[in-house]
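Here's the structure we're looking at; comments come further down.
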Amino acid sequence: MRRGLGRSIIFLQDADNKQRYRDIVLSCCLCDIGYDVQSEGTKGRYLYYAIYALGDPGWFEGPVIDRFLSGRRVNRLDQQLTDLLVCLARDGSTVAVEALHVKYAQFAAKRRLRRRGLVNYDASAWEYLAIALLDIDGFAAFRRYATDVGQYMLRVPEGHDDPAYDWFLVFC
């Protein structure tokens, strides 16, 4: 599954006892299994296909959402979980949509976004989530993010010389 070549998906589709593989797929969902997010993207969509091949996406929603809404993680795992939840949301999962909005609200309400060295991890994760919500909410997501980032910058006027919000500008 870590290689993401598709053989695992075909195997899962053809498996006689699909429940036997649920824990393996869930384990992959809850940790970053990507190699290079900048060149190949996250494994979120791939993991969605694995979940879909097992035929019971509802079984995965709770643990994935719990991990998504839990404390601090590395940025790549945030992106993978965001992508996975967006796929579930597009497939009609209202709890996935709600989880994405809850996480967005958590970022918007923060007094300070977490930084490590020159990288603003919280700002990057918030921005990635805002871009993902464009797919679900359309222009309303754009308007909300622009407003919320502006309000954040007014609350914390120093420290905005880094390009923490540049992806959003490019994608919009």
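Quick notes on this one:
- At an R0 of 35 angstrom, the distance between the Cβ atoms of Thr147 and Thr94 translates into a FRET efficiency of 0.90.
- Computed E for Ile10/Ala140 - FRET, C-beta separation, R0 30 angstrom, nearest 0.05: 0.20
- Taking the stretch 27-100 and dividing mean pair separation by its residue count, relative contact order in percent (alpha carbons under 8 Å, at least six apart): 38
- Gained length - Asp66 relative to Ile24, 0.36 nm times residue gap less alpha-carbon distance: 13.4 nm
- Sequence-separation-based contact order of the chain, relative, with Cα cut under 8 Å and 6+ spacing, percent: 18
Read-outs: derived from the displayed coordinates by stated rules, not from any lab. The model shown is predicted, which means the values in this text are computed figures rather than measured ones. Counting neighbours? That spans all protein chains shown, and the Cβs are built from the backbone with ideal geometry, glycine included.
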